[in-house]
Structures are given as structure tokens and as C-alpha cells.
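Written out below as C-alpha cells is the structure these notes cover.
The numbers here are math on the coordinates, done by the rules we state, and not lab data. Just so it is clear, the model here is predicted, and its values are computed rather than measured. Backbone-built Cβ (ideal geometry, glycine too); neighbour counts: all protein chains shown.
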Amino acid sequence: CHNSTDRTRLVLLGGPGVGKSAIVKRFLFNQYPEKHKPTVEDLYSHEFDVGPSIPLKVDILDTAGDFQFPAMRRLSIANAHAFLLVYAIDSKVSFEQVKGCFEEIREQRSDFQEVPIIIAGNKADIGMNRREVEFDEVCDWIHDHLPKLRGKAMECSAKENRNVREIFKAFLQLSKIPFRNP
Ligand code: GDP
Ligand code: MG
């Protein structure tokens, strides 16, 4: 299902404040804004260097995640080629919200069997004592819900720039696009 511009589109979904925007800004601009700036929707265009003469144009859609705009949400789900579902490791609620997003995608997309989904546990820099979601639990969950070739769970930190590039690398791999430089 290609959108009108016919470019590969990666859509970020997840609850508010988990660091969706921070992940995108770290990846695209190597910036980390401390402050949470709620936005309705931001669309970025990025060219991945996937071969000598074939830059891959990817649209990255950063959504609001506050579930206030169901129509926009439906549209963003309808137009995605791949999803990045983000929770924060210090918030059990945010992982539940990721499961909710997953259900929405499953219900809405008739081609669900072909859609790559990455689940990212952000804020992995936060100390052990504040952790509410174990990575093993997320891996078990994704194992139960998606085949290996279509789903991947990872932890990351936009703040400390840990595993952020790897998320986008995984997106290319799950989308069956060979990876060189992000
Ligand atoms: P969004 O609503 O999902 O887009 O979340 P934001 O990107 O706006 O981030 C929400 C808050 O979490 C901000 O105060 C960020 O500074 C903070 N944050 C984002 N990423 C990280 C991270 O990797 N580690 C920590 N400790 N805080 C983060
Ligand atoms: Mg945001």
C-alpha cells in the first residue's frame, strides 16, 4: 500500500512523552532537546544511502501519540509501510499503549501480514530502580505476536544516542532494503 507520494513511509506511534520526537531528532540531526514539545504531526524526509547510486527516500512521520485525533491516527496507520512503536522503559503504561497501537494496526491493515513493526524501549539510560518494563517481557510479547522477519524489539536512548541508528537499520532490514549508511 503506497501513499500518494510513493515513498517508503515509516510511522512512529506510541504514548505521549516516550521520546518519539527525541529519537527522530537524534537520528536526523544528532540533536537532543531536553524539553518535551507536543506536536500534532511532523513529517521528515530522509535519504538513506543504500547503494552507490540509489538513495532511498524515506518519509518519517512523527505523530503526537495523545490519541486526540483518531482520524489523523487512522490515516497515519493506513499510509505506513513500516511502524516504529515506542514506549519508555520507565513506564509500564507506555508499553500497554504500544500493545494498543499494535492492535489498531492489526485491525486496520488488511495487509498486516506484510507490515514490519519495530518496538523500541526508549530511555534505556534511566537507572535500574526506575525501570518498569523488562526487555525480556517485550521480546516474549513480540515473539508471540510477530514472526522474526517482520518484528524486532530493541532498547534505545535518544538522550545518550544508544541504539538509535540501529533502529533505523532494523527498519531497512525488515523492509528488505540493504543497509549501508544512515
Ligand atoms: P514524544 O512525546 O514521544 O515525542 O516525547 P519527546 O521526544 O517529546 O520526549 C519527552 C520527554 O522525554 C522529554 O522531556 C525528553 O527530554 C525525554 N526523553 C526523550 N528521550 C529520552 C531518553 O532517551 N532518555 C531520557 N532519560 N529522557 C528522554
Ligand atoms: Mg513528540
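Give the relative contact order (percent, whole number) for the chain; include only Cα pairs under 8 Å separated by 6+ residues.
RCO, the chain: 25 percent.
Please list, by residue number, every one of the GluC sites (Glu not before Pro) in the range 1-103 that is coil in DSSP and has at most 15 other beta-carbon atoms within 10 Å.
Passing both the DSSP loop test and the Cβ count: Glu34.
Grab the DSSP H runs of the chain that are 4 residues or longer, score each as -39,500 (n - 2.57), total them, divide by all residues and round the 222 nm result to the nearest 500 deg cm²/dmol.
Calculated mean residue ellipticity at 222 nm is -10000 deg cm²/dmol.
In the range 116-182, which trypsin sites (Lys or Arg not before Pro) are in a loop and have at most 10 other Cβ atoms within 10 Å, using DSSP for the loop call?
Of the trypsin sites (Lys or Arg not before Pro), the ones in loops of the range 116-182 whose Cβ has at most 10 other Cβ atoms within 10 Å are Lys148, Lys176.
Given R₀ = 30 Å, what would the calculated FRET efficiency be for Glu160 paired with Ile54, taking r from the Cβ atoms and rounding to 0.05?
It comes out at approximately 0.40.
For the pairs Lys20/Lys152; Lys37/Lys152; Lys123/Lys152; Lys35/Lys57, note any where the Cα-Cα span goes beyond 23 Å.
Lys37/Lys152; Lys35/Lys57
Scan the range 35-115 for trypsin sites (Lys or Arg not before Pro) in coil per DSSP, keeping those whose Cβ has at most 14 other Cβ atoms within 10 Å, and list them by number.
Lys35
Rank the residues Met72, Met128, Met154 as a footprinting-exposure proxy: fewest other Cβ atoms within 10 Å of their Cβ go first.
Least crowded to most crowded, the residues run Met128, Met72, Met154.
For the chain, report the translational diffusion coefficient in µm²/s to the nearest whole number, using Stokes-Einstein at 4 °C, 1.567 mPa s, and a Kirkwood Rh over Cα pairs.
Estimated diffusion coefficient is 79 µm²/s.
With θ set to phi - 60°, apply the Karplus curve 6.51 cos²θ - 1.76 cosθ + 1.60 along the range 165-177 and write out the HN-Hα couplings as whole Hz, x wherever there is a Gly or Pro.
For the range 165-177, the Karplus curve yields 4, 5, 5, 6, 5, 5, 4, 5, 5, 5, 7, 6, 10 Hz.
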